[in-house]
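To keep things clear, I will list the structure first and then write my remarks on it.
The values are calculated or read from the model by the stated rules, or taken from the named source; none is laboratory data. Every value quoted in this text rests on a predicted model; they were computed, and no experiment measured them. Positions of Cβ are generated from backbone atoms using ideal geometry, with glycine treated the same way; all protein chains shown enter the neighbour counts.
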Amino acid sequence: MNTPVQSTTSARGLAQAAPAKAPAAPKRRCSAIVKALRRHWQLYLLITPVIAYFAVFHYWPMYGVQIAFKDFIATKGIWGSPWVGFKHFERFFDSYFFWRLIGNTLGISLYELAVGFPVPILLALMINEVRLKGYRKFVQTVTYAPHFLSTVVIVGMLLMFLSPTSGLVNLAIQAFGGEPISFMTEPGWFKTIYVFSGVWQQMGWSSIIYLAALAGIDPQLHEAAKVDGATRLQRIWHVNLPGIRPTIVILLILNFGSLMGVGFEKVFLMQNSLNMEGSDVISTYVYRSGILGAQYSFSAAVGLFNSVVNFILLITVNRIARKVNQVSLW
């Protein structure tokens with residue numbers, strides 16, 4: 001039988017011996033990683049080009065972000081240029097264009113999110129209910145096709161169809177006794193044209209992921225709903241929509257993460273001096289100030305501000321989605 005002295009001595013010995021085993025954990029972790037690399041080296045080799053692409057073209061260029069806090073001088077390079085802190089950010093916040101850029105960027109993004117996000121879901125639900133395979137493939141082909149048209153072609157089509165003199169839309173308006181509208185030069189029409197043309201172009205392609213999610217729903221759920229007397233609309237509402245809800249939440253988070261990232265190309269092609277009040281967004285302002293005006297530090301500061309806002313929105317929406325629906329990116 002152990003005495004209290006022996007028990008105390010044993011406890012002290014165990015307490016002294018315990019830290020000696022701690023360094024073994026990192027070694028075991030490293031050995032597990034090495035074993036995994038050896039066992040699945042083909043998969044890691046396959047993903048290496050993707051990692052290299054993101055490292056070279058997405059992470060390494062972050063080195064140049066520091067020019068947003070400097071007065072960049074090309075002859076001195078990034079390190080040799082003088083440090084000015086938040087000078088360029090303050091200039092942007094105090095500029096005349098700040099609120100116009102924020103309003104247009106957020107206005108287009110929220111408009112596009114409100115209209116363009118639910119349309120692919122509705123399209124996928126409707127295509128999923130089509131039972132004739134030939135007609136279903138025809139509808140899918142017709143809705144997918146605009147995605148493969150270049151942005152230049154889309155804007156060219158808009159210019160032809162919306163022309164105030166020879167456009168089909170204005171000819172139809174005149175046929176009903178109305179006056180022709182100069183859609184492409186009036187600031188009030190810019191957001192609507194931009195959003196609805198984008199929805200038409202991308203709704204078929206965006207519905208693919210929802211169709212894939214709908215295909216993964218257990219058919220027995222529909223059979224059970226039919227037995228309970230559920231109509232088709234009730235099965236869509238109570239079976240299909242809950243089945244694709246995780247996919248909807250994930251894509252909604254990603255859309256909010258790019259809320260301030262209105263694309264440059266289409267806006268720039270549709271933009272002109274007459275509709276500038278409604279079409280000028282952060283990306284086009286960065287182009288004018290950075291590329292045309294050679295204000296590299298100032299344009300870098302504006303772009304960095306835009307990226308930081310998008311990052312904060314992504315984190316915030318992801319946290320809200322995790323608390324509300326228990327579905328999130330991480």
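Taking first residues from the stretch 207-226 that are assigned by TED's automatic domain parsing to the domain that holds Val142 and partners that are surrounded by 12 or more Cβ atoms within 10 Å (Cβ to Cβ) and charged (D, E, K, R), the Cβ contacts under 8 Å between residues at least 6 apart in sequence or on separate chains come to His222/Arg235; Ala225/Arg235; Lys226/Arg235.
Among the residues examined, Phe138 qualifies as closer than 30 Å to Gly216 by Cβ, of a type in the set (Phe, Trp, Tyr) and part of a helix (DSSP H, G or I).
Every test in (1) aliphatic (A, V, I, L, M); (2) exposed (fewer than 10 other Cβ atoms within 10 Å of the Cβ); (3) modelled with pLDDT of 85 or more; (4) farther than 30 Å from Val308 by Cβ is passed by Leu46 save one, and that test is (2).
In the set Phe92, Phe57, which member is assigned by TED's automatic domain parsing to the domain that holds Tyr285 and in a helix (DSSP H, G or I)? Checking each option against the conditions leaves just Phe92. If you check Gly188, Gly229 for being part of a loop (DSSP other than H, G, I, E, B) and not β-branched (Val, Ile, Thr), only one passes: Gly229. Of the residues contained in the stretch 246-267, one or more are found to be over 30 Å from Ile102 (Cα atoms) and in contact (Cβ under 8 Å) with a residue 12 or more places away in the chain. The helices (runs of 4 or more DSSP H) found wholly in the stretch 268-330 and carrying at least 2 residues that are in contact with a Phe, Trp or Tyr (Cβ under 7 Å, 6 or more places away or on another chain), within 29 Å of Gly156 (Cα to Cα) and not assigned by TED's automatic domain parsing to the domain that holds Pro61 occupy 276-279, 282-286. Tell me yes or no: at least one residue of the stretch 71-83 is closer than 30 Å to Gly204 by Cβ, assigned to a helix (DSSP H, G or I) and of a type outside the set (Gly, Ala, Ser). No, that holds for no residue. Count of the stretch 89-116 residues, restricted to those that are surrounded by fewer than 12 Cβ atoms within 10 Å (Cβ to Cβ) and in contact with a Lys or Arg (Cβ under 7 Å, 6 or more places away or on another chain), is 0. Do we find a residue being within 28 Å of Tyr285 (Cβ to Cβ) and surrounded by 13 or more Cβ atoms within 10 Å (Cβ to Cβ) anywhere in the stretch 117-137? The answer is yes; a qualifying residue exists.
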